[in-house]
1. Of Cys39, Cys8, how do they rank once you tally other Cβ atoms within 10 Å and put the fewest first?
2. Assuming R0 = 56 Å, what is the FRET efficiency of Asp224 and Gln164, from their Cβ-Cβ distance, to the nearest 0.05?
3. Let me spell out the model: positive unit charges on the Cβ of Lys and Arg, negative unit charges on the Cβ of Asp and Glu, origin at the Cα centre of the stretch 1-148. What dipole size does that give, in debye rounded to 20?
4. Charges on Cβ only, +1 for Lys and Arg, -1 for Asp and Glu, centred on the Cα centroid of the stretch 269-368; of His353, Gly299, Leu278, which one is farthest towards the dipole's positive end?
5. Which aspartates and glutamates, if any, have their Cα less than 13 Å from the Cα of Lys128, not counting same-chain residues under 8 positions apart?
6. Output the peptides 238-249, 101-112 sorted from most to least packed, where packing is the average of other Cβ atoms within 10 Å over each peptide's residues.
7. Could you name the lysines whose alpha carbon sits less than 25 Å from that of Lys200, not counting residues in the same chain fewer than 8 places away?
8. Given H placed on each backbone N at 1.01 Å, which residues far from Leu227 in sequence or on other chains put an amide H within less than 5 Å of it?
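Values quoted throughout were computed directly from the atomic coordinates according to the rules given, and no laboratory measurement underlies them. What you see is a predicted model; the values in this text were computed from it and never measured. Methodologically, a virtual Cβ is constructed for each residue, glycine included, from the backbone with ideal geometry; neighbour enumeration extends over all protein chains shown.
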Amino acid sequence: KKSYKVCCLPGDGIGPEIIAEGKKVLAAVGAKASVEFACEDALIGGAAIDATGDPLPDATLEAAKASDAVLLASVGGPKWDSTDPNAPRPEQGLLRIRKGLGLYTNLRPVKIYDALVGASTLRPEVIKGVDLVIVRELTGGLYFGRRERFYDEEGAGANGGRGQRAYDTLEYREYEVERIARQAFEAARKRRGKVTSVDKRNVLETSRMWREVVHRVHDEEYPDVELEDLLVDNTAMQLINRPADFDVVVTENMFGDILSDEAAQITGSLGMLASASLGDGVSLFEPSAGSAPDIAGQGVANPLAQILSVGMMLTYAFGMVEEAGWIEAAVERVLNEGWRTRDIADENTSADHVLGTSAMGDKVVVAL
Ligand code: NAD
Ligand code: IPM
Ligand code: MN
């Protein structure tokens, strides 16, 4: 019997609640496919700070590296929002594991389920047929640039300017843009053959390099793929205006962070948005949403993004494409049957069809 080691990182807030449902579904797929998935939990984020003082203990990174895939839920919460700039933050754990595993590609598929067309705040005719994927660069840009915060004794300018100063730098190397561009073009070839590259080249030097490199990779290696450029502010608007026109959207780390939460709302809820973080070694699978402190501990969080992330794990980490299809079909079936968590319920949902986190996971398992 085939066996895979999965490193599970529950993290904070709703993390432990939703990852439990992901594991349930993984176990059900394993039973059906005669594959063993051995899950072992490790600490990350605020939970790791509380236990060890470090948001990514060495033992966790080692466990992740020694596994066949990593399943992460979410990190962060008000408890660790210290005013001390030197205090460890849960989010550093996430950034460090992404960097530590070399996960430079983050795929965030945005697909509208027919049953959820009414759950979105956008009009049905606008979102019908939306099927796009955001390819977010994940280990460069603003998130990983040089940064500093200090008290400027000297100051400058007419008003003296003395006081605190802080900066973050946005930097990319050519090879980083090349490799994420290739990921986008490869994804497009398996989809509808169109890439939208998003930048801010009217202002940023990194964006001017980004656009040049993306075009060179396109012309030399992927002339068969349609390539369009869009400025990021315009993209934010077009995503709401004509979301069905997009196929693959490739962009810088922070632009991708912002655009993906925006795109999630097309599907009705951030709780639907799965993601895969890929590099050259072990991959990590995580919902795009956070620890949702406002609903943590209530058993009402939507586990579907976590469950769909398990589906992405089957495809990308284990090559179990057929089995991943089982998960997608099961989720679709549960939604078609009218089952909802609170975030995706609408005025047509009867009260007895609004489920808690665990009951939703159970429905998916039954459908499987
Ligand atoms: P959030 O994504 O946690 O929540 C935003 C809104 O979406 C909230 O109203 C929340 O209730 C809702 N939501 C999110 N996931 C949901 C789900 N599964 N089901 C139902 N509703 C859901 O963003 P935030 O509140 O800005 O951030 C909270 C914390 O999470 C912060 O500490 C942030 O840094 C962290 N965060 C972590 C990750 C991650 O671990 N990957 C991602 C984003 C934010
Ligand atoms: C995400 C999150 C993270 C990010 C934070 C928690 C570091 O918002 O995965 O989208 O910005 O990448
Ligand atoms: Mn985000």
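1. Arranged by neighbour count, lowest to highest, Cys39, Cys8 become Cys39, Cys8.
2. Working: r = 51 Å, r/R0 = 0.92.
E between Asp224 and Gln164, to the nearest 0.05, is 0.60.
3. Result for the stretch 1-148 is approximately 540 debye, rounded to the nearest 20.
4. With unit charges placed on the Cβ atoms, the residue in question is Gly299.
5. Asp114, Asp245
6. 101-112, 238-249
7. Lys99
8. HN-HN under 5 Å from Leu227: Val195.
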